[in-house]
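Peer 1: Submitted below is the structure of interest, expressed as structure tokens.
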Amino acid sequence: MSKYLLNKFLFTVDRDPDLVERYRSAPHETVAWWESTIANEILNCHGGEASTWLTFDDVEREALAGHDYVKLFELGAHPFLTLTLFIAMFERDYEEPLAFQKEYAARLSHFSLPYPDIAT
Amino acid sequence: MATLAAVIASTHHPFYYKASTAPPEERPPFADEWVAKITAFRETLTRARADVLVMVGSDHFHQLWLDNMPQFLVGKAPFYDANWYNEEREFGLPRMLLRGHEELSSHILRGGLDEGFDLAFSNELRIDHSITCPIITLRPEADLPIVPIYTNIFAPPLPRPARFVELGHAIRRLIDTWPSDLRVAVIGTGHLSLELGGPRQFGPHGPDPEFDRKAVEWIASGDIERALAEVTLDSLWTPGNATHGFMDFMLMMGVAGEGAKADYADSLDLFHTMEAYFTWYPNGVPA
């Protein structure tokens, strides 16, 4: 299990406007493409140098492809990264201010302290 | 020697910019009270007549990332671009450009290293809303040079609360011994109880009003001893999953000093989180 790689997906998609839209509209395709092209990039390194060992397990891949932020919370993905990206993708579908954020909280309401560990 | 003209600790609420600049028909109902409080708070910096600002904040996974995560980092650059695409997208924050003060950056880096803090540094740092929010609230002209200091309150493992206080003490000593005629203000922002991306987020108040009440009292009275007795890395999960940002307030209490009562203290109970504003004048209240 790689909380780091989940976070890396959320981080790299969130900072790219085109990827935000692509992930919103075609999540399975985007996750598969990202895992085969970006997952092993060392972000602050020269192009051409890369890691060789980073992959999602099936549960992680499915959580991302299913836009399943409840599962991502359970898996220990960084909650700030998840929240920020999911606001960017889905807040627009709600009429009332903060309605998406409140629904997000409600869907996590079965979690109590201590929350899943987010240390990487 | 330099003069420590003011020590300022504040929450950094990224919604303030939009709430305060929206056309009247789009302003939220709490905007007027918020603007009034910020305007009064801003005056506490204006009165200090600072020449340079040391800005303590925390990168929210913008430039600093898990493949190379510093615990404490000092910017040393002639300029700092500021705010990021996702802050523009979510909060409507403007792109900014701030001047740096490399001489003071060098002094803090050298002195901090010599005091036993293995500070990371950056010669090209794009800063985020943890530093630009207080620029927007306290010095919207954005005309003073800055020294940004980033802390890790975000990506565990984190330094312990006592280490934040100790770094605050060190920053105080380093400014007090900086051979310069300039007037320095140290401005740091953090959080009271806060939950982001969890079940207690975006409630009608902060997730733990009792923690907020105690925290405001510790800060306003300079009660570092009590804060350190009650706050640990583990305990900070309880008031809300983003409450480790309170350690930046503890750093600022370290700058102000043990037992230093704030000369100005105010707060505002907003939905989602409590705002809190504090100013100390270590060398006397300016005329």
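Peer 1: Among the candidates B:TRP237, B:TRP218, which residue alone is surrounded by fewer than 24 Cβ atoms within 10 Å (Cβ to Cβ) and under 18 Å from B:SER58 (Cβ atoms)?
Peer 2: From the options B:TRP237, B:TRP218, the qualifying one is B:TRP237.
Peer 1: Could you name every one of the strands (runs of 3 or more DSSP E) located completely within the stretch B:107-218 that has at least 1 residues being within 25 Å of B:THR279 (Cβ to Cβ)? Spell out the reasoning first.
Peer 2: On the way: elements: B:120-122, B:146-151, B:183-190.
Fully inside the stretch B:107-218 and qualifying: B:146-151, B:183-190.
Peer 1: For the stretch A:67-111, enumerate the residues that are more than 8 Å from chain B (Cβ to nearest Cβ), in a loop (DSSP other than H, G, I, E, B) and either within 18 Å of A:THR12 (Cα to Cα) or hydroxyl-bearing (Ser, Thr, Tyr) (or both).
Peer 2: A:HIS67, A:ASP68, A:GLY76, A:ALA77, A:TYR94
Peer 1: Given the structure, is B:GLY203 in contact with a His (Cβ under 8 Å, 6 or more places away or on another chain), over 22 Å from B:LEU73 (Cβ atoms), touching a residue at least 60 places away in the same chain (Cβ under 8 Å) and within 14 Å of another protein chain (Cβ to nearest Cβ)?
Peer 2: Values: in contact with a His (Cβ under 8 Å, 6 or more places away or on another chain): yes; over 22 Å from B:LEU73 (Cβ atoms): yes; touching a residue at least 60 places away in the same chain (Cβ under 8 Å): yes; within 14 Å of another protein chain (Cβ to nearest Cβ): yes.
Taking the combined requirement at face value, the residue satisfies it.
Peer 1: Oh, and also: Does any residue of the stretch A:42-61 turn out to be within 14 Å of chain B (Cβ to nearest Cβ), within 21 Å of B:ALA155 (Cα to Cα) and in contact (Cβ under 8 Å) with a residue 40 or more places away in the chain?
Peer 2: yes
Peer 1: Can you name the condition, by its number, that B:ALA50 falls short on among (1) buried (at least 21 other Cβ atoms within 10 Å of the Cβ); (2) part of a helix (DSSP H, G or I)?
Peer 2: Checking B:ALA50 against (1) buried (at least 21 other Cβ atoms within 10 Å of the Cβ); (2) part of a helix (DSSP H, G or I), the one that fails is (2).
Peer 1: What's the number of the only condition in (1) on the phi > 0 side of the Ramachandran plot; (2) at pLDDT below 95 that B:ARG49 fails to meet?
Peer 2: The one condition B:ARG49 does not meet is (2).
Peer 1: Filter the stretch B:221-278 down to the residues that are farther than 12 Å from B:SER10 by Cα and hydroxyl-bearing (Ser, Thr, Tyr), then identify the one that is farthest from the other protein chains (Cβ to nearest Cβ).
Peer 2: B:SER221
Peer 1: Among the residues that make up the stretch B:69-91, is at least one of them more than 14 Å from chain A (Cβ to nearest Cβ), basic (Lys, Arg) and either closer than 29 Å to A:PRO17 by Cα or not in a loop (DSSP other than H, G, I, E, B) (or both)?
Peer 2: The answer is no, given that none of the residues of the stretch B:69-91 is more than 14 Å from chain A (Cβ to nearest Cβ), basic (Lys, Arg) and either closer than 29 Å to A:PRO17 by Cα or not in a loop (DSSP other than H, G, I, E, B) (or both).
Peer 1: Okay, next question. Tally time: how many residues in the stretch B:53-65 are surrounded by 18 or more Cβ atoms within 10 Å (Cβ to Cβ), in contact with a helix residue (DSSP H, G or I) (Cβ under 9 Å, 6 or more places away or on another chain) and within 14 Å of another protein chain (Cβ to nearest Cβ)? Break it down stepwise before answering.
Peer 2: So in the stretch B:53-65, the residues surrounded by 18 or more Cβ atoms within 10 Å (Cβ to Cβ) come out as B:53-62, B:64.
Next cut, in contact with a helix residue (DSSP H, G or I) (Cβ under 9 Å, 6 or more places away or on another chain) only: B:53-62.
Retained after the next criterion (residues that are within 14 Å of another protein chain (Cβ to nearest Cβ)): B:58-62.
Summing the residues that are surrounded by 18 or more Cβ atoms within 10 Å (Cβ to Cβ), in contact with a helix residue (DSSP H, G or I) (Cβ under 9 Å, 6 or more places away or on another chain) and within 14 Å of another protein chain (Cβ to nearest Cβ) in the stretch B:53-65 gives 5.
Peer 1: Look through the stretch B:8-37, keep the residues that are under 18 Å from B:HIS272 (Cα atoms), touching a strand residue (DSSP E or B) at 6+ places or on another chain (Cβ under 9 Å) and of a type in the set (A, V, I, L, M, F, W, C), and return whichever of them is surrounded by the fewest Cβ atoms within 10 Å (Cβ to Cβ).
Peer 2: B:PHE30
The values are calculated or read from the model by the stated rules, or taken from the named source; none is laboratory data. Just so it is clear, the model here is predicted, and its values are computed rather than measured. All Cβ positions, even for glycine, are placed from backbone atoms using ideal geometry, and neighbour counts span all protein chains on display.
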